[in-house]
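Student: I am attaching a structure below and will ask some questions about it afterwards.
The values are calculated or read from the model by the stated rules, or taken from the named source; none is laboratory data. The shown structure was predicted, so the numbers you read here are calculated from the model rather than taken from an experiment. In this analysis, Cβ positions are derived from the backbone assuming ideal geometry, glycine residues included, and neighbour counts consider all displayed protein chains.
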Amino acid sequence: MTQSSRYGAVAIALHWAIALGIIGMILLGWNMDNNESLFQLHKSIGITILLLTIARIVWRLINPVPPLPAEMAGYEKTLSHIVHGTFYVLMLAMPLTGWLVVSTSYEFDIPTVLYGTVSWPDLPVGFMSNETGHAIAEFVHSKLAWVAIVLLGLHVAGAVKHEIGGEEGVLKRMIPGLFGKPDAPSPPPRGFLPAFGAAIAIFLLIAFVPPLFSGAASSPSGAENVDDAGVNEEAFNPNWTVNQEASSITFSGTHDGSEYSGRFGDWSADIRFDADNLEDARAIVSVKTASARASKKLYTDSLKSKEWFDVEGHPTASVVLTDFQETDSGYTAEAAITIKDSTVTVPFPFTLDIEGDTARMDGTATVQRTPLSLGQTSDPGADWVGEDVNIAVSVEASRVD
Ligand code: HEM
Ligand code: HEM
């Protein structure tokens, strides 16, 4: 049986998806203008191209490609093979060097969240995470775009030359469904499972088996379980127990002009409060920093990093409430908030309703993030992430005697 002179449907689909992807990514890469959303989109599409390329390479190894037209000169065939081979290297090297750029970033600690949904780890290249390593990665990544453009020029010129040269032409081999039916039936496609299975397996391994990548990049120095917030400095007898199901600590602020919000899922509070003895009133709140969940996965992942909560080095943050006083609308206290190694004190006005042995307290405080050393590397001037963070605390507690 004569072999078809056309590529199969899967090879054609992969060719055009990746080709358009790369061309679009070069344009996007040149126009990201420090816009974090565009950076995230660039990284998401780039990793998709990497996975599609893996599928494409495995697919090609299993499914024969149509032979080049017989009338093509030998040197043209050689040139065509060189361009195609280099393209394959480039399709891997472009996303890999991009991934290297973000993995060697020594100054910023911005995570990669694919399509706002899947956390993507850095490559384990801690040894390269310095000015020189990062600069090399950036240099290679940006210059590869020019290699792609030169190759694309040769590639398209070759396709067009054979089309207008009155020869058999190659364009129809790669264009879906045009120029009539194939001259000979295509062999049945084989290898869906190995090709796409390999791509999916690699994706799952990297995204969901953390020790493979992220664990190796920056391992904590045995800092778990360290209660570094110094909240137990003085023992006192709490007389209220928090009902966690009916209580919450939430936070909100602005990022790039729009509001973000989130909540802490794991915290505890020791409260001593008696309206007739405010001098003795006190509350110590201990918050697990890793339990912060924000409205976007990118924010949740960012909060864990060193420049924000540094959850590995400082697993706990604390708030100590003292100096309680009655006001026209309820009460106010002084809240000493300790995050990492910084403490700031802000007023904490709140309302309180006590019915029998159950109390409901609702209060808010506004803190400035820079004195708490939050986000000081990527946005010290608060150009993107607003300086003010609003904290809302709603607690239901039962009296214990
Ligand atoms: C960055 C974009 C592109 C990349 C990375 C790329 C890559 C490739 C690769 C690797 C092959 C060889 C397939 C194989 O045998 O395994 C190929 C074939 C082909 N490409 Fe592209 N391509 C791109 C853009 C284009 C464009 C814009 C055209 C339109 C003219 C085009 C037309 C073709 C044709 C006609 C073939 C078949 C050539 C043959 O049978 O020898 N490609 N492409
Ligand atoms: C086919 C895939 C990709 C293409 C074609 C591509 C292309 C580009 C281009 C043209 C630039 C602009 C370079 C310059 O300023 O001169 C760029 C920048 C960048 N790319 Fe990619 N990229 C790809 C994949 C990735 C991936 C997978 C990541 C990360 C996971 C990534 C991360 C970055 C970053 C962080 C920058 C900014 C670098 C800087 O500020 O100098 N890229 N990319």
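Student: With Thr316, Thr300 as the choices, which residue is outside the structural domain of Gly116 (by TED's automatic domain parsing) and surrounded by fewer than 20 Cβ atoms within 10 Å (Cβ to Cβ)?
Tutor: Values: Thr316 fails: surrounded by fewer than 20 Cβ atoms within 10 Å (Cβ to Cβ).
Going through Thr316, Thr300 in turn, the sole match is Thr300.
Student: While we're here: Would it be correct to say that Phe39 is within 22 Å of Trp146 (Cβ to Cβ), away from ligand 1 (no atom under 12 Å from the Cβ), assigned to a helix (DSSP H, G or I) and not assigned by TED's automatic domain parsing to the domain that holds Ala294?
Tutor: Judged against the criteria, Phe39 is a match.
Student: Kindly indicate the residue of the range 171-188 that is at pLDDT 60 or above and under 41 Å from the mean Cα position of the chain (by Cα) and also farthest from His155 (Cα to Cα) among those meeting that condition. I'd like the intermediate steps shown before the answer.
Tutor: Initially, the range 171-188 is screened for residues at pLDDT 60 or above, giving 171-177, 183-188.
The next check asks that each one be under 41 Å from the mean Cα position of the chain (by Cα); those that pass are 171-177, 188.
On the way: Leu171: 11, Lys172: 14, Arg173: 14, Met174: 12, Ile175: 15, Pro176: 18, Gly177: 21, Pro188: 28 Å.
Per the stated criteria, the residue is Pro188.
Student: Please report, ordered by residue number, the strands (runs of 3 or more DSSP E) entirely within the range 251-326 with at least 3 residues that are farther than 19 Å from Val346 by Cα and in contact with a strand residue (DSSP E or B) (Cβ under 7 Å, 6 or more places away or on another chain).
Tutor: The strands (runs of 3 or more DSSP E) meeting that bar are 258-264, 267-272, 292-294.
Student: Here is a list of conditions, (1) free of Cβ contacts under 8 Å to residues at least 12 places away in the same chain; (2) surrounded by 15 or more Cβ atoms within 10 Å (Cβ to Cβ); (3) within 30 Å of Gly257 (Cβ to Cβ), and Asp323 meets all of them except one; can you say which number that is?
Tutor: Against the list (1) free of Cβ contacts under 8 Å to residues at least 12 places away in the same chain; (2) surrounded by 15 or more Cβ atoms within 10 Å (Cβ to Cβ); (3) within 30 Å of Gly257 (Cβ to Cβ), Asp323 comes up short only on (3).
Student: Any residue that is of a type outside the set (Gly, Ala, Ser), within 12 Å of ligand 1 (Cβ to nearest atom), free of Cβ contacts under 8 Å to residues at least 12 places away in the same chain and touching a Leu at 6+ places or on another chain (Cβ under 8 Å) - is there at least one of those in the range 77-86?
Tutor: Checked the range 77-86: at least one residue is of a type outside the set (Gly, Ala, Ser), within 12 Å of ligand 1 (Cβ to nearest atom), free of Cβ contacts under 8 Å to residues at least 12 places away in the same chain and touching a Leu at 6+ places or on another chain (Cβ under 8 Å).
Student: Hey, another quick one. Would you point out the residue of the range 138-175, among those that are of a type in the set (Gly, Ala, Ser) and surrounded by fewer than 16 Cβ atoms within 10 Å (Cβ to Cβ), that is farthest from ligand 2 (Cβ to nearest atom)?
Tutor: At the first step, the residues of the range 138-175 found to be of a type in the set (Gly, Ala, Ser) are 142, 145, 148, 153, 157-159, 165-166, 169.
Still in the running and surrounded by fewer than 16 Cβ atoms within 10 Å (Cβ to Cβ): 142, 153, 157, 165-166.
Details: Ser142: 3, Gly153: 16, Ala157: 20, Gly165: 30, Gly166: 35 Å.
Ranking the qualifying residues of the range 138-175, first place goes to Gly166.
Student: Sticking with this structure for a sec: With the structure loaded, tell me whether Val58 is surrounded by 13 or more Cβ atoms within 10 Å (Cβ to Cβ), part of a helix (DSSP H, G or I) and over 21 Å from the mean Cα position of the chain (by Cα) or whether it fails that test.
Tutor: Values: surrounded by 13 or more Cβ atoms within 10 Å (Cβ to Cβ): yes; part of a helix (DSSP H, G or I): yes; over 21 Å from the mean Cα position of the chain (by Cα): yes.
Against the criterion (surrounded by 13 or more Cβ atoms within 10 Å (Cβ to Cβ), part of a helix (DSSP H, G or I) and over 21 Å from the mean Cα position of the chain (by Cα)), Val58 qualifies.
Student: Run down Val102, Val113, Val140 and say which single residue is modelled with pLDDT of 95 or more, farther than 30 Å from Pro189 by Cβ and outside any helix (DSSP H, G or I).
Tutor: Going through Val102, Val113, Val140 in turn, the sole match is Val113.
Student: Follow-up question, since we're still on this one. All but one of (1) modelled with pLDDT of 90 or more; (2) polar (S, T, N, Q); (3) not assigned by TED's automatic domain parsing to the domain that holds Ala392 hold for Asn232; which doesn't?
Tutor: Of (1) modelled with pLDDT of 90 or more; (2) polar (S, T, N, Q); (3) not assigned by TED's automatic domain parsing to the domain that holds Ala392, only one is false for Asn232: (1).
Student: While we're looking at this one, here's another question. Within the range 1-36, track down each residue that is within 10 Å of ligand 2 (Cβ to nearest atom) and either assigned to a helix (DSSP H, G or I) or over 16 Å from Ser142 (Cα atoms) (or both).
Tutor: Ile18, Gly21, Ile22, Ile23, Gly24, Met25, Ile26, Leu27, Leu28, Gly29, Trp30 - these are the residues of the range 1-36 that are within 10 Å of ligand 2 (Cβ to nearest atom) and either assigned to a helix (DSSP H, G or I) or over 16 Å from Ser142 (Cα atoms) (or both).
Student: Next question, about the same structure. Any chance the range 97-113 includes a residue that's of a type in the set (D, E, K, R) and within 11 Å of ligand 2 (Cβ to nearest atom)?
Tutor: No, the range 97-113 has no match at all.
Student: Within the group Thr97, Thr112, Thr104, which residue is surrounded by 15 or more Cβ atoms within 10 Å (Cβ to Cβ) and without any contact (Cβ under 8 Å) to a residue 40 or more places away in the chain?
Tutor: On inspection, the qualifying residue turns out to be Thr104.
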